[in-house]
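The values are calculated or read from the model by the stated rules, or taken from the named source; none is laboratory data. Because the structure is a prediction, the values reported are computed rather than measured. Positions of Cβ are backbone-derived with ideal geometry, glycine not excepted, and every protein chain shown enters the neighbour counts.
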Amino acid sequence: MAMTRTRITAAAAGVILAAAVLLSACSAGDAGNSSGDTQGAAVPAPEKAQGDASQADGKAPQSGGGAADQPAVTRAIIKTGSLTVEADDVDAQRQKAGTIVTGLNGQVATEDSGSDADGRITRANLVLKVPTASFEKAIQQLSGLGRRTAIHQESTDATEAVVDVASRISTQRAGLERMRALLTKATTIGEIVAVESELTRRESDLEALLAKQKALAGQTELATLSLILAEPGKAPVVEKDDTGFLAGLKGGWHAFVATLTVLLTALGALLPFLIALALIGVPLWRYRHRFRRTPVPATATAGGSAPGAGVLPPPKYRDPS
């Protein structure tokens, strides 16, 4: 009986000891989890603080593109036009036109004048160069020389061409600097000749690009205006291009008349030769049977016998048996 109580007491003690061990392990796990959660929450804190600091400074987060402000591109416009003005005194208005253009910092590029039998100028064609910014002002002032009968303006955007030529010039100059550096490092005659040949070619290309840039600059900086001064009723009439069915019919008729004219001209040139051939060829064709050879008749023998008389027949074949 005493032994049974001892066993029960020992079993109870073992159960209590196991329960104590489990409780201590659970307490330790909860403490570790709580400490791990605290450390995990503390990691992103510096990044958040850094982001808040950058926002507080007013700086946007950096991107891969690195957006930068592009420089404004000045538009390059080529302006051209023509103006027709009728005036009583063409010579006086021609001189006034030159004064107007000179006042606008322009110039008279070319001039073509015509006069009558008395030597009085009745027509003047002027090609004027004026700054592009003063193009409309020049038209307005020149229109006051008389009665304006015709006007035409045209603008062409050459910005892309100007930018392209400038970029190519920059690239060509950089290539020339590299070629000059290579020329200083060349040691053999073959290398020197090859580098100098390439250098000469690139210099030629650069000169061509510079000439093109200069021409574009002249066209964009100075506008071209053709001025026609004439007496009343003598100004040239500018015909407009017709379109539509009637215009096509008119063009077809003109083409038919032109083609027929060419054919008749060719026929007129060939007619003398055709007449000469007819005068020679027709008689020859009509009397062609006279030129044929007639058969020669067989001549009779001296004895008056018929042809073939006196000719012995061939001997007959006899059987030797």
Can we say ALA92 is in the same structural domain as LEU145 (by TED's automatic domain parsing) and farther than 25 Å from LYS79 by Cβ?
yes
Among the residues in the stretch 188-205, are any among the β-branched types (Val, Ile, Thr), under 31 Å from the mean Cα position of the chain (by Cα) and surrounded by fewer than 17 Cβ atoms within 10 Å (Cβ to Cβ)?
yes
Just to verify a result, which residue in the stretch 125-147, among those that are in contact with a Leu (Cβ under 7 Å, 6 or more places away or on another chain) and assigned to a strand (DSSP E or B), is nearest to GLY114 (Cα to Cα)?
LEU126
Test LEU183 against the stated conditions and say whether it is among the aliphatic types (A, V, I, L, M), in contact (Cβ under 8 Å) with a residue 60 or more places away in the chain and either loosely packed, with under 11 Cβ neighbours inside 10 Å or not in a loop (DSSP other than H, G, I, E, B) (or both).
no
Residues (at positive phi and touching a helix residue (DSSP H, G or I) at 6+ places or on another chain (Cβ under 8 Å)) located in the stretch 91-145
ASN105
